[in-house]
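Structure first, then comments.
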Amino acid sequence: MLAVVLTGAFMGSFDLFVVNVATEALRADLHASDAALELVVSGYAFAYAAGLITGGRLGDRFGYRRTFVAGMAAFTLTSLLCGLAQDSGQLVAARLAQGLAAAVMVPQVLSLATARFPPEHRGRATAWNGAVSGLGAIAGQLLGGLLLQADVLGLGWRAVFLVNVPVGVVAALLAWRMLPPLAGARRPFDVTGAVGVTACLALLLMPLALGRDTGWPPWTWLCLAAVAPVGRLTWRGQRALRARGGEPVLNPTLFHNRPYVALVAALGSFQLYFGAYMFTLALLLQAGLGASPLTAGAAFVPQAVLFTVGSLASGRLKARSGRLGPAAGGALVLTGLALLAAQLTWSDAPSPAALVPALALNGLGNGLLMPALIGAALTRVTPTQAGAASGLLNTANQAASSLGVALLGIMFFTVSGPGLRDAAAGMVAVSGAFAALVAAASGVFLHVTRTAR
């Protein structure tokens with residue numbers, strides 16, 4: 001069961017990052033503008049983040065197997081539409097739809113793990129989820145470069161989307177056959193709440209994703225100003241529906257669970273760092289150090305391998321030593337960031353290979369820490385809250401990643417200067433913010449788990 005659903009976790013993460021290496025090919029082939037390219041890259045991310053809570057609740061309502069299969073089928077279809085796009089407008093529309101499909105598919109992974117695994121085994125299940133999701137993020141950089149360089153069947157950039165189609169078809173068929181047919185709740189779905197939550201996240205993420213490249217036009221500020229009133233109205237509606245005995249998309253009772261809320265906040269802090277780290281590191285390697293997409297992707301390989309090792313070790317360490325593994329993970333990330341900043345400060349133009357030790361430390365530390373945060377949060381909810389809890393957790397995960405790219409990306413671009421001529425200085429500047437975020441996430445985890453004992 002876990003092996004089948006983890007295919008969805010990998011694909012959702014893979015497509016978040018694979019398009020980064022194809023932007024120049026898209027510009028040349030589709031004559032895409034800068035704004036269109038930004039939408040191709042970030043449109044998937046904010047559609048994905050905006051729909052995750054709704055996707056989690058759909059699983060509660062209609063059953064996790066049915067919802068996962070529907071999400072996988074929609075993701076496969078939208079990947080095909082991305083690969084067949086004839087202009088940038090069609091590609092942007094397909095990418096937005098692909099992000100929404102991922103939002104239906106991915107929450108069911110953690111929902112199934114929470115509903116079907118007893119608490120003592122959820123740590124290993126979430127460790128595998130963390131390993132596969134992180135590997136998908138890094139594989140997007142590497143395999144994207146390989147597919148572009150190989151120019152499979154002369155498809156060019158289209159191969160990075162079409163590769164999902166055969167995988168998705170097989171995964172959907174296996175999921176329908178192998179996943180347990182858990183029944184959903186027999187209550188009406190909260191359409192108003194789903195629209196409100198999605199609108200609130202879209203109003204926040206869209207201007208932050210597009211504002212810098214479009215010069216912060218008035219619509220970006222109007223959207224940001226609308227977040228608070230729309231969020232307040234949505235929250236009131238969710239509480240009122242719950243008081244009437246209904247099932248809101250955003251379950252207010254989750255916010256009474258203080259350990260869960262604290263750990264979701266800690267995961268958000270970590271993802272602010274991780275999303276921006278992956279984004280700025282790719283820019284540093286290619287624009288700052290002049291590496292090709294394939295060379296830059298190869299520099300991620302040791303990091304990816306050790307991330308996987310750390311993620312798989314995380315579940316076992318949790319069972320044996322409690323907080324030791326995550327504490328070591330946080331320390332390794334802080335050490336890796338310090339080493340990376342030192343190398344970029346003392347060397348004018350280090351080779352990508354010279355940065356591998358620092359990246360490897362980060363990979364192992366990230367793998368030890370991230371799954372532990374997810375597992376600790378999900379062990380503090382009941383199986384009946386699995387969909388709502390995993391949807392909120394995934395939303396915090398992706399929304400924080402998008403916010404990290406937007407907010408810390410501004411710092412990186414400002415310090416790096418026009419054309420990223422001083423990308424090394426930009427990376428050194430954001431490394432301090434990265435360290436603070438990782439330290440905060442580790443501190444909250446240690447505090448909550450110590451209090452629970």
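Hey, does region 73-90 have a residue that's within 18 Å of GLN398 (Cα to Cα) and either of a type outside the set (S, T, N, Q) or in contact (Cβ under 8 Å) with a residue 40 or more places away in the chain (or both)? Scanning region 73-90 turns up at least one residue that is within 18 Å of GLN398 (Cα to Cα) and either of a type outside the set (S, T, N, Q) or in contact (Cβ under 8 Å) with a residue 40 or more places away in the chain (or both). In the condition set (1) open to solvent by 50 Å² or more (accessible area, probe 1.4 Å); (2) at pLDDT 80 or above; (3) over 17 Å from GLY8 (Cα atoms); (4) not small (Gly, Ala, Ser), LEU147 is compliant with all but (1).
Which residues, counting only those in region 226-251, are touching a Leu at 6+ places or on another chain (Cβ under 9 Å) and either open to solvent by 50 Å² or more (accessible area, probe 1.4 Å) or part of a helix (DSSP H, G or I) (or both)? Listed by number, the residues that qualify are ALA226, VAL227, VAL230, GLY231, THR234, TRP235, GLN238, GLU247. Within region 312-338, restricting attention to residues that are of a type in the set (S, T, N, Q) and at pLDDT below 90, which residue is surrounded by the most Cβ atoms within 10 Å (Cβ to Cβ)? Per the criteria, the residue is SER314.
For region 342-354, state whether one or more residues are closer than 21 Å to ALA440 by Cα and either modelled with pLDDT of 90 or more or buried (at least 20 other Cβ atoms within 10 Å of the Cβ) (or both). Give the derivation first.
Within region 342-354, the subset closer than 21 Å to ALA440 by Cα is none.
There is no residue in region 342-354 that is closer than 21 Å to ALA440 by Cα and either modelled with pLDDT of 90 or more or buried (at least 20 other Cβ atoms within 10 Å of the Cβ) (or both).
Beta carbons closer than 9 Å, at least 6 apart along the sequence or on distinct chains, pair a first residue in region 200-221 that is of a type in the set (Asp, Glu) with a second that is part of a helix (DSSP H, G or I) for ASP213/ASP34; ASP213/ALA35; ASP213/LEU37; ASP213/GLU38. Confirm whether ALA276 is small (Gly, Ala, Ser) and in contact with a Phe, Trp or Tyr (Cβ under 9 Å, 6 or more places away or on another chain). Yes; evaluated as a whole, the condition is true for this residue. I need the full set of residues from region 368-408 which are open to solvent by 20 Å² or more (accessible area, probe 1.4 Å), β-branched (Val, Ile, Thr) and part of a helix (DSSP H, G or I), in order please. Selection gives THR384, VAL405. Evaluated against (1) within 30 Å of LEU272 (Cβ to Cβ); (2) touching a residue at least 60 places away in the same chain (Cβ under 8 Å); (3) not polar (S, T, N, Q), VAL69 falls short on exactly one condition, (1).
Taking the conditions (1) farther than 30 Å from ALA3 by Cα; (2) modelled with pLDDT of 80 or more in turn, PRO188 satisfies each one other than (2).
Applying the criterion of being under 19 Å from the mean Cα position of the chain (by Cα) and modelled with pLDDT of 90 or more to the residues of region 47-73, the residue that is surrounded by the fewest Cβ atoms within 10 Å (Cβ to Cβ) is GLY71.
The values are calculated or read from the model by the stated rules, or taken from the named source; none is laboratory data. Since the structure is predicted, the reported quantities are computational estimates derived from the model, not experimental observations. For neighbour counting, all protein chains shown are included, and Cβ atoms are generated from backbone atoms with ideal geometry for every residue, glycine included. Just the protein is used for accessible areas: all its heavy atoms, side chains included, with ligands, DNA and RNA removed. Shrake-Rupley method; radii C 1.70, N 1.55, O 1.52, S 1.80 Å.
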